[in-house]
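Okay, structure first, notes after.
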Amino acid sequence: MSGHPGVLVAEQPHYLPWVDFYEQVARAGTLVVLDDVQWLRRGWQRRTRVALPLGVPTPPPTEPGFQWLSIPLEDPHRDTRIRDLAVDARQPWARKHLQTLVTLYGGRPYFRAQVLPLLEPFYDAAARESGPGSLLRVLLSSMALFYEPLGLAPKLVCSSTLERRGEDKTQRLVEYCLQTGAHTYYSGTGSTLYLKPERFRAVDVRLLWQRFRHPDYAQGREGRFVMGLSVVDVLANVPLETVRTWLQPSPWGPFAGNGPQPLQRAEAEVASDAGLSKRTK
């Protein structure tokens, strides 16, 4: 499943990300990893959501239905860029995380066939990482674990290798599109509060918003379905071929057929305004 040439996705690096990230990658020809942004203590960069411990019932919707797996860091500072962060190699975090995932998912139908053979060498290598830049290497490896099984082959570009012009978030993304030759930016919903569609319109870049929601699936516990867990949870419970079908483009959406095409100046304003109106409904 190759992404569409000319479509760009930009995401911060994530630890064992959720399946929505892979849907974005499936649409894009280029994945820009934002490695030169500031580290967020409560962000997603170094942690992921997994199922609650076995025997713990799923709580009501007013309470979290997940637990965090977090990679420990060595002397992090608030203004440190992601690319400069170091994993705390003094802690046996990799062994503990693998043990936790085996305990949580070892009894699920597809974990040992689809997930464990990928996790074991990953954590073996991650346990030996240390020094500045080690967190980024671990995160990129965790993201890439499932590219090939899901049929993905993104062109990876780190934002630190691109020219950075100012701190405005929208303008930076516009510049990434221009510098990589992308005519379409495919944005996750987390950007709806700050992206300025008119900036894309001004340079004839199409702005598309992610509308992906995968089906609920059996998670092996009573109670409500818990959204937003790591792709590990998905692939422990759902056949790989089924997950691949989730990532296929909708036959009636903008990625059907040959996918989005470069905007002409005359249609740029209409396309961008249409996306904005949907976003604000």
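The values are calculated or read from the model by the stated rules, or taken from the named source; none is laboratory data. Quantities reported herein were computed from a predicted structural model and do not represent experimental measurements. All Cβ positions, glycine included, derive from the backbone under ideal geometry; neighbour counts span all protein chains shown.
Just one of (1) of a type outside the set (Asp, Glu); (2) within 24 Å of residue 149 (Cβ to Cβ); (3) out of contact with any strand residue (DSSP E or B) (no Cβ under 8 Å at 6 or more places or on another chain); (4) assigned to a helix (DSSP H, G or I) fails for residue 232. It is (3).
Screening 2, 70 for residues that are exposed (fewer than 15 other Cβ atoms within 10 Å of the Cβ), modelled with pLDDT of 95 or more and either touching a Ser or Thr at 6+ places or on another chain (Cβ under 9 Å) or not basic (Lys, Arg) (or both) leaves exactly one candidate, 70. Quick check, is residue 148 in a loop (DSSP other than H, G, I, E, B), within 21 Å of the chain's Cα centre (by Cα) and acidic (Asp, Glu)? Yes, satisfied. The criterion of being assigned to a helix (DSSP H, G or I), without any contact (Cβ under 8 Å) to a residue 40 or more places away in the chain and surrounded by fewer than 16 Cβ atoms within 10 Å (Cβ to Cβ) holds for residue 99.
Please state which one of 81, 112, 165 is out of contact with any Pro (no Cβ under 9 Å at 6 or more places or on another chain) and either under 19 Å from residue 230 (Cβ atoms) or among the β-branched types (Val, Ile, Thr) (or both). Checking each option against the conditions leaves just 112.
Residue under question is residue 51, and the condition is that it be of a type in the set (A, V, I, L, M), modelled with pLDDT of 95 or more, more than 20 Å from the chain's Cα centre (by Cα) and surrounded by 14 or more Cβ atoms within 10 Å (Cβ to Cβ); does it hold? For residue 51, the condition - of a type in the set (A, V, I, L, M), modelled with pLDDT of 95 or more, more than 20 Å from the chain's Cα centre (by Cα) and surrounded by 14 or more Cβ atoms within 10 Å (Cβ to Cβ) - is not met. Considering region 177-194, the residues that are in a loop (DSSP other than H, G, I, E, B) and out of contact with any strand residue (DSSP E or B) (no Cβ under 6 Å at 6 or more places or on another chain) include one that is surrounded by the most Cβ atoms within 10 Å (Cβ to Cβ), namely 188. Among the residues of region 88-103, those identified as out of contact with any Pro (no Cβ under 7 Å at 6 or more places or on another chain) and within 24 Å of residue 116 (Cα to Cα) are 89, 92, 94, 95, 96, 97, 98, 99, 100, 101, 102, 103.
Put simply, of 145, 156, 136 the only residue that is modelled with pLDDT of 95 or more and under 19 Å from residue 8 (Cα atoms) is 156. In the set 112, 108, only one residue is under 23 Å from residue 69 (Cα atoms) and in a loop (DSSP other than H, G, I, E, B); that residue is 108.
Taken over region 76-94, the criterion of being of a type outside the set (A, V, I, L, M, F, W, C), in a loop (DSSP other than H, G, I, E, B) and within 14 Å of residue 40 (Cα to Cα) is satisfied by 76, 77, 78, 79, 80.
Regarding region 80-94, can at least one residue be identified that is in contact with an Asp or Glu (Cβ under 9 Å, 6 or more places away or on another chain), under 30 Å from residue 203 (Cβ atoms) and either crowded, with 20+ Cβ neighbours inside 10 Å or at pLDDT 95 or above (or both)? Yes, that holds for at least one residue.
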